[in-house]
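Engineer: Here it is, the structure in full.
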Amino acid sequence: MTRLIEQAFALARQRFEDVGIDVEQALAQLDRIPISMHCWQGDDVRGFENPQGALTGGIQATGNYPGRATNANQLRADLERAISLIPGPKRVNLHAIYLESETPVERNAIEPAHFRHWVEWARTHRLGLDFNPSCFSHPLSSDGFTLAHADPAIRRFWIEHCQASRRVSAYFGEQLGTPSVMNIWVPDGMKDLTVDRLAPRQRLLSALDEVISQPLDPRHHIDAVESKLFGIGAESYTVGSNEFYMGYATSRQVALTLDAGHFHPTEVISDKISTAMLFVPRLLLHVSRPVRWDSDHVVLLDDETQAIAHEIVRHNLLDKVHIGLDFFDASINRIAAWVIGTRNARKALLRALLEPVELLRRLESDGDYTARLAMLEEQKSLPWQAVWEAYCLRHDVPADAGWLGEVRQYEKQILNQR
């Protein structure tokens, strides 16, 4: 098998050289692009604060596949199993509810110490960590409002939670030597007709300004804000709309988060990347797969995933765009979901790096749109799969669906015993 992969790779490398692509250079660049894997796929967004509590804030994980992680050690073990089957650099993205404490901790009182085991684990496995305040599934978010709440005391609680989260995020970056991207998303909105749309947005604006008021070293921490079209329980009005956060990220010069499922069904985030980058310093992408809107299905190697990768590579945005995944499927093996989605995201990046961008750009500049279209279509058939299999071989991970057997074995030995 190894010999066949190496032979196929040698032939593929020559084919790509014929169109001006240095395959080794592309692979070296691919090895500099981390993908942030979201921890919440492993336990259906339960966390360890109150793992039996009901999800709120428009969040729903459907399915009852056996083997959900119920504590941090299980979740880390599951992540390790998934990571071992995915080539290339990875990060892990945590929510505040994944803290570890022997006694209950209010969310506005979380501290770096509650995440030290995660940092120790990440250091051992040479991973970066990213972070998120958890502004959902809590008694003080039960009426659908957090940072935009009309009650100053409740609003203060969530401001303090986000401030505490920034300190945790900065701790990650300082300890691991790579900046933690902390994404702020809140579920605030209303189910039915809304009379006053302005006041909640004024409160959210003021609260966010207070949250990010303390300067933090950008070598350790990066602020990001995320919009949403609507959510369960907020069908008629979402305070943090795309327009709100685009304006906020632009005026405050923080990173803007674009989630593939947070827009109208006919909108795609790939088309927004080049526009947003004109106005904001950085982007955080939540690569997901919406099915009839924000249902957070496992990422496929589909047209939109590929288009996202093309936009990042074609415009040389790799140092300004942070790539994270965001899906949670409880109807299938959760480790397999991580592996499928993350491998697909990296495949899309590889295909984008193997595209003859300079040739296509020159044809477009010359007005030769016939040749541009012809080359765009022909390059889809170039033997990128042979390059992918060689890349997997170099990282000592299965090059084909052989990884599934390892997941099945882990399921039999570990997951089914839970």
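The values are calculated or read from the model by the stated rules, or taken from the named source; none is laboratory data. These numbers come from a predicted model, not from an experiment. Neighbour counts run over all protein chains shown; Cβ positions are idealised from the backbone, glycine included.
Engineer: Looking only at region 275-314, which residues are closer than 24 Å to Thr62 by Cβ, of a type in the set (A, V, I, L, M, F, W, C) and in a loop (DSSP other than H, G, I, E, B)?
Structural biologist: If the condition is that a residue be closer than 24 Å to Thr62 by Cβ, of a type in the set (A, V, I, L, M, F, W, C) and in a loop (DSSP other than H, G, I, E, B), then Val291, Trp293, Val298, Val299, Leu300, Leu301 are the ones that fit.
Engineer: Is it the case that region 365-379 has a residue that's without any contact (Cβ under 8 Å) to a residue 12 or more places away in the chain, among the acidic types (Asp, Glu) and under 30 Å from Trp293 (Cβ atoms)?
Structural biologist: no
Engineer: Taking the condition of being in contact (Cβ under 8 Å) with a residue 12 or more places away in the chain and either among the polar types (S, T, N, Q) or buried (at least 21 other Cβ atoms within 10 Å of the Cβ) (or both), how many residues in region 408-418 meet it?
Structural biologist: 3
Engineer: Working only within region 245-274, note down all residues that are assigned to a strand (DSSP E or B) and either of a type in the set (S, T, N, Q) or under 20 Å from Asp302 (Cβ atoms) (or both).
Structural biologist: Matches in region 245-274: Thr257, Leu258, Asp259.
Engineer: Kindly list the number of the only condition in (1) surrounded by fewer than 21 Cβ atoms within 10 Å (Cβ to Cβ); (2) under 17 Å from Gly42 (Cα atoms) that fails for Ala150.
Structural biologist: Answer for Ala150: the failing condition is (2).
Engineer: Okay, next question. Report the residue count in region 279-305 for those that are surrounded by fewer than 20 Cβ atoms within 10 Å (Cβ to Cβ), aliphatic (A, V, I, L, M) and at pLDDT 95 or above.
Structural biologist: 2
Engineer: Tell me, which residue of region 300-316 that is closer than 11 Å to Ala345 by Cβ and of a type in the set (S, T, N, Q) is farthest from the chain's Cα centre (by Cα)?
Structural biologist: If we take residues in region 300-316 being closer than 11 Å to Ala345 by Cβ and of a type in the set (S, T, N, Q), then Gln306 is farthest from the chain's Cα centre (by Cα).
Engineer: Please work out which one of (1) buried (at least 23 other Cβ atoms within 10 Å of the Cβ); (2) of a type outside the set (Gly, Ala, Ser); (3) more than 24 Å from Gly144 (Cβ to Cβ); (4) without any contact (Cβ under 8 Å) to a residue 40 or more places away in the chain is the condition Leu256 fails and give its number.
Structural biologist: With (1) buried (at least 23 other Cβ atoms within 10 Å of the Cβ); (2) of a type outside the set (Gly, Ala, Ser); (3) more than 24 Å from Gly144 (Cβ to Cβ); (4) without any contact (Cβ under 8 Å) to a residue 40 or more places away in the chain applied to Leu256, the lone miss is (3).
Engineer: Here's a follow-up. Take region 109-164 and flag every residue that is of a type in the set (Phe, Trp, Tyr) and under 20 Å from Ala199 (Cα atoms).
Structural biologist: Hits for region 109-164 are Phe145, Phe157, Trp158.
Engineer: Find all pairs meeting these conditions: Cβ atoms under 7 angstrom apart; at least six residues apart or on different chains; first residue within region 201-229 and hydroxyl-bearing (Ser, Thr, Tyr); second residue outside any strand (DSSP E or B).
Structural biologist: Ser227/Gly240; Ser227/Ser241; Ser227/Asn242; Ser227/Phe244; Ser227/Tyr245; Ser227/His262
Engineer: Follow-up. Of the conditions (1) surrounded by fewer than 19 Cβ atoms within 10 Å (Cβ to Cβ); (2) part of a helix (DSSP H, G or I); (3) out of contact with any His (no Cβ under 8 Å at 6 or more places or on another chain), Ile159 satisfies every one except a single condition; which number is it?
Structural biologist: Only one criterion is unmet by Ile159, namely (1).
Engineer: Go through the residues of region 26-34 one by one and say whether even a single one is crowded, with 17+ Cβ neighbours inside 10 Å, outside any helix (DSSP H, G or I), out of contact with any Phe, Trp or Tyr (no Cβ under 7 Å at 6 or more places or on another chain) and basic (Lys, Arg).
Structural biologist: No, the conditions are met nowhere in region 26-34.
Engineer: Looking at Leu198, Leu140, which one is closer than 25 Å to Asp296 by Cβ, out of contact with any Lys or Arg (no Cβ under 8 Å at 6 or more places or on another chain) and free of Cβ contacts under 8 Å to residues at least 24 places away in the same chain?
Structural biologist: The unique qualifying residue is Leu140.
Engineer: Can you name every residue in region 312-326 that is in contact with a helix residue (DSSP H, G or I) (Cβ under 6 Å, 6 or more places away or on another chain) and over 19 Å from Ala28 (Cα atoms)?
Structural biologist: Passing the criteria: only Leu325.
Engineer: Moving on to the next point. Just for region 1-25: of the residues that are more than 18 Å from Glu358 (Cα to Cα) and among the aliphatic types (A, V, I, L, M), which one is surrounded by the most Cβ atoms within 10 Å (Cβ to Cβ)?
Structural biologist: Ala12
Engineer: Out of contact with any strand residue (DSSP E or B) (no Cβ under 6 Å at 6 or more places or on another chain), at pLDDT 95 or above, over 22 Å from Lys90 (Cα atoms) and of a type outside the set (Asp, Glu): does that describe Arg343?
Structural biologist: It is false that Arg343 is out of contact with any strand residue (DSSP E or B) (no Cβ under 6 Å at 6 or more places or on another chain), at pLDDT 95 or above, over 22 Å from Lys90 (Cα atoms) and of a type outside the set (Asp, Glu).
Engineer: Something else now. If the requirement is being touching a Gly at 6+ places or on another chain (Cβ under 9 Å), on the phi < 0 side of the Ramachandran plot and of a type outside the set (Gly, Ala, Ser), which of these qualifies: Trp118, Trp40?
Structural biologist: Trp40
Engineer: Right, something else. Would you mind stating whether Glu389 is of a type outside the set (Val, Ile, Thr), loosely packed, with under 13 Cβ neighbours inside 10 Å and within 21 Å of Asp22 (Cα to Cα)?
Structural biologist: So Glu389 does not fit the description; no.
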